[in-house]
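All remarks here apply to the structure that follows.
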Amino acid sequence: MKKNDIYQAKIDAWSSEGDGICRIEGMAVFVRGAVRGDLCDVRILKVLKSHAYAKIERIIEPSPHRIESDCRVFGKCGGCELRHVSYDEELRMKHERVADALKRIGGIDTAVESILPSPALEGYRNKVIYQTADINGVPVIGFYRRGSHDVVAADCCTLQSPDADRAAKAVQRFARENGVRMYDEVSGKGTIRYIFYRSSSNGTAQICIVTAEKKIRNQEALVGTLKKECPELTGILLCHNPEKGNVALTGEIEVLWGELYLTDTLCGLTFRISPLSFFQINRDQTENLYRIATEFAGLSGTETVFDLYCGIGTISLCMARLANKVIGAEIVPEAVEDAKVNAKINGISNAEFICADAAAAAGQIKTRDEPIDVVTVDPPRKGLSPAAVDAILQIAPKRIVYVSCDPATLARDLKLFAEDGYTVHRVKPVDMFPRTPHVECVVLMSRNM
């Protein structure tokens, strides 16, 4: 097998990235844009020792799971990988991804429960960050091409709300009419780097323009344009971020108009959200996710819960209503302040919040000699650090509820807990991110007595 060879192949599996997989001459070949069940000619693009990559040259017989994409930049934009796949097949793929990772990486044989479908497949994202570029002197908004920082122009995205698209286009039009350049990563020149938009379930929203410079030319006119064209906005912000890299919201945030915070409701509670704070992007499905996590915690009113990666206190405050006490820990100071305010807003007095990373916070709890009944964790995609796992094991809670957004790191961490005497009892996948290969999961573990 070598580059540019063409083979006829049947796609019989999925990769964790949403690519189709076939086997050619005994080697696994990853084919972007292929669907399980496709019969096609594929052209080899790259051959490595253990696997190869290919592209579809011709579809001979399409899979029964293949559908027509409704997005003109599908296959170019890196946002959606599964717009060409039926939702039933997407859910099967995600369920299999969880089960395979747990067994193959974690050695976990616990049966994976049925995946919970998302209530909405379109317009479910309450947050979006548009990338920007100047292409041939024209200001462009869009999203990165998969595996690159090349911006694919896209003036709408069906995963976002129409309001978000309208706000981004208003900024784009302002830039064009006022000679404001979009930022270029290579040269480091230009002003507008990203457009951050977050909306709430009550119809309000905020926008934050991320810039490489401290000011935008005709800034007052931009504020006026956004206020006129986007009446849902309650805050217009500017984030000065001159640093290299792809972290959008970092650095000083200035309120150009309105409020710094956005307020939303979740699980019957009210939450204040600062721009730098994490808040799940699929609100309706998040309510289901937290309901499952709370059910798994098995709270009767007498327990002390330790909630790591607590963010603005969403899981903490949901569980505080059923527990004796909840202690939340989060490394982002702004999120911790939000969590404390949110406890007051909701009249919850049995929740405490610590600003520290997971391992350090767990260490603090250990020194208190305060028994912890339940530990909940909701880490980023990289999962728990070895130090965090060790600290949780030192606390030795009766139950651990693990909320994960990456099956591979989840399986890795579950194996560590299993080696130290914890048994996995329940695994529930939750589809938080329709039309993408990402999948959320809630796991219940208990300590072997």
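So the values come out like this:
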item: Helix-only [θ]222 nm of the chain, DSSP H runs n ≥ 4, -39500 (n - 2.57) each, per residue, nearest 500; result: -8000 deg cm²/dmol
item: Candidates per trypsin sites (Lys or Arg not before Pro) in segment 14-55, loop by DSSP, up to 15 other Cβ within 10 Å; result: K49
item: Residue order, fewest to most beta carbons within 10 Å, for E81, E90; result: E81, E90
item: Size of electric dipole in segment 127-263: Cβ of Lys, Arg +1 and of Asp, Glu -1, about Cα centre, debye, nearest 20; result: 160
item: Residue-span extension gain [K344 to A418] - 0.36 nm each, minus C-alpha spacing; result: 22.9 nm
item: Lys/Arg +1, Asp/Glu -1 at C-beta; segment 1-160 dipole; positive extreme among S63, A111, L48; result: L48
item: Gaussian network model of the chain, springs between alpha carbon atoms under 10 Å - residue of G37, G123, G147 with greatest fluctuation; result: G147
item: Global form of segment 300-346, assessed from the alpha-carbon gyration tensor, a/c cut-off 1.5; result: oblate
item: Positive-end residue of L39, I400, M449, charge dipole of the chain with Cβ unit charges; result: L39
item: Long-range HN-HN contacts of I24 with modeled amide H, under 5 Å; result: V29
item: Label of the coordinate-derived value, volume of the Cα convex hull per residue in Å³, listed as (1) 193; (2) 257; (3) 153; result: (3)
item: Taking F278, F433, F306 and counting other C-beta atoms within 10 Å, the order from fewest to most; result: F278, F433, F306
item: Rounded, prolate or oblate (a/c below 1.5 giving rounded, otherwise prolate when a/b exceeds b/c) for segment 127-263 by Cα gyration tensor; result: rounded
item: Estimated FRET transfer efficiency (A28, K214; beta-carbon r; R0 35 Å; 0.05); result: 0.10
item: Additional length obtainable on full extension of the chain from R447 to K169, 0.36 nm per residue less Cα span; result: 94.8 nm
item: 3J(HN,Hα) from dihedral phi, segment 43-57, Karplus parametrisation 6.51/-1.76/1.60, rounded to Hz, x for glycine, proline; result: 9, 5, 9, 7, 10, 10, 5, 9, 7, 9, 10, 8, 10, 6, 8
item: Global geometry of segment 287-439, whether rounded, prolate or oblate, following the gyration tensor of its Cα atoms and the 1.5 cut on a/c; result: rounded
item: Ranked V326, V73, criterion: other C-beta atoms within 10 Å, fewest first; result: V73, V326
item: Gain in span if fully extended, D5 to L322, counting 0.36 nm per residue against the direct Cα distance; result: 108.0 nm
item: Hz values of 3J(HN,Hα) by residue in segment 145-151 - Karplus curve (6.51, -1.76, 1.60), Gly and Pro given as x; result: 5, 4, x, 8, 10, 6, 8
item: Cut-off 19 Å (backbone N to label point 7 Å along Cα→Cβ of S300), residues of segment 327-371; result: 371
item: Built amide H within the under 5 Å cut-off of S201, gap 5+; result: T265
item: Karplus-derived HN-Hα couplings along segment 255-267 (A = 6.51, B = -1.76, C = 1.60, θ = phi - 60°), whole Hz, x at Gly and Pro; result: 7, 7, 6, x, 9, 6, 9, 10, 10, 9, 10, 7, 6
item: Label-zone membership for segment 318-341, site H425, 7 angstrom Cα→C-beta point, backbone N under 18 Å; result: 319, 322-324
item: Computed E for K76/N136 - FRET, C-beta separation, R0 22 angstrom, nearest 0.05; result: 0.80
item: Of K214/K244; K55/K382; K2/K55; K49/K94; K76/K127; K94/K127, pairs whose Cα-Cα distance is over 25 Å; result: K55/K382; K49/K94
item: For D431, residues with placed amide H under 5 Å, excluding near neighbours; result: L116, S118
item: Radius 12 Å from Cβ of E122, net charge of other residues (Lys, Arg +1; Asp, Glu -1); result: +2
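Read the figures in this text as sums done on the coordinates, not as results from a lab. What you see is a predicted model; the values in this text were computed from it and never measured. Cβ coordinates were reconstructed from backbone atoms using ideal geometry, including for glycine residues, and neighbour counts include every protein chain displayed.
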